[in-house]
Amino acid sequence: SNRKPRDSKHRSHRTPCIQLMVTCVPIQVAPLTIHPAFVKACGYFDIKIIHTPIGDDFQPMLNKYRAAITPNTILLLASAPQYCHGIVDPIEQIGEIAAEFGLPLHVDACFGGFMLPWVEKLGYELPQFDFRVNAVTSMSADIHKYGFGLKGSSVVLYRSNDIRKYQIFAYSEWPGGLFGSPGLAGTRPGGNIASSWAALMSMGEDGYMHIAKQLMDATNKLKSSIREIKGLCIVGNEDHMPCFAIASKDQDLDILALADVMESQGWKMERQQLPDSIHCTILPHHVPHMDKFLGSLRQAADTVR
């Protein structure tokens, strides 16, 4: 489709909730690191979202996650990976919780859906994150990220038609005839669909594997070099994605001030919070500039300190 899939996913899970005559506000449970688009969608559909804390490993604290479930919970959420730090949530363990309570589980793989399969094939150790986990009922994946399609291209996947059917709207009482729509967008331009198909066909598995290896090699080099810069560290210890966050382990080195210095040198920095950090998503056009970036980062750290 030519839009983000998350809103249709919310409709698919809220509709059967209504049919069960749930009169209270439905609830979704998600880690703190879930993408804000889910908060936005919950606002649209009058669904409450409960955020649960993450631990020192930047993964959900499963005891807190489980404790947040109530009789009004209609859906559990997890990320593969979460955008902030590039870490895949423990989908298998969350799946066990979903199965215990008989709840559907949606995996937001918008960021990693077109990268994690290749990283896994390269031999990296990844937790299972997809429909191999029996409790996973739906997933979303953005073609416009590591699928290298046009912006606004994304897909939503369902384990079965029994869930997918709630996404489809049909109305037969209009004088103009039968009206049917598969999602929230009534009219969708075909350009994004065609360009997504073209991207997938032109890249192919070999193309995606080549880029995945190039980007993971670059990511490993960057992370290793950054760890050697006095006062800096990488958030988390997982090698799941060509993505990571840089933080400070030195109270005299303000990571946000470092970002300011980097931007004064012409770099565009993405600032994060809880904890303060700098987000890095590695793309093919970044690879030729790694050494220059590392040099600027060392100089900025010395300047701030």
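The values are calculated or read from the model by the stated rules, or taken from the named source; none is laboratory data. Everything numeric in this text was worked out from a predicted model, so none of it was measured. Here Cβ is always computed from backbone atoms with ideal geometry, including for glycine, and neighbour counts include all displayed protein chains. Surface accessibility is based on the protein's heavy atoms, side chains included, excluding ligands, DNA and RNA. Shrake-Rupley method; radii C 1.70, N 1.55, O 1.52, S 1.80 Å.
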Checking Glu100 against (1) closer than 19 Å to Thr33 by Cα; (2) open to solvent by 10 Å² or more (accessible area, probe 1.4 Å); (3) not hydrophobic (A, V, I, L, M, F, W, C), the condition it does not meet: (1)
Spans of strands (runs of 3 or more DSSP E) in the stretch 137-185 with at least 2 residues modelled with pLDDT under 95 and open to solvent by less than 70 Å² (accessible area, probe 1.4 Å): 154-158, 179-181
Find all pairs meeting these conditions: Cβ atoms under 8 angstrom apart; at least six residues apart or on different chains; first residue within the stretch 24-43 and within 20 Å of Pro275 (Cα to Cα); second residue assigned to a helix (DSSP H, G or I) and basic (Lys, Arg). His35/Arg6
Complete set of residues in the stretch 119-129 that are assigned to a helix (DSSP H, G or I), in contact with a helix residue (DSSP H, G or I) (Cβ under 7 Å, 6 or more places away or on another chain) and open to solvent by 40 Å² or more (accessible area, probe 1.4 Å): Lys121
Within the stretch 38-49, of all residues that are crowded, with 16+ Cβ neighbours inside 10 Å and among the aliphatic types (A, V, I, L, M), the one nearest to Cys233 (Cα to Cα) is Ile49
Can you say whether Val88 is in contact with a strand residue (DSSP E or B) (Cβ under 7 Å, 6 or more places away or on another chain) and either acidic (Asp, Glu) or touching a residue at least 24 places away in the same chain (Cβ under 8 Å) (or both), as far as the supplied structure shows? no
If you take the residues of the stretch 54-75 that are out of contact with any Pro (no Cβ under 8 Å at 6 or more places or on another chain) and open to solvent by less than 70 Å² (accessible area, probe 1.4 Å), which of them is farthest from Val156 (Cα to Cα)? Gly55
Among all residue pairs at least 6 apart or on different chains, which show Cβ distances below 7 Å where the first residue, located in the stretch 255-266, is more than 12 Å from Ala301 (Cβ to Cβ) and the second is open to solvent by 50 Å² or more (accessible area, probe 1.4 Å) and not hydroxyl-bearing (Ser, Thr, Tyr)? Leu256/Arg271; Leu256/Asp276
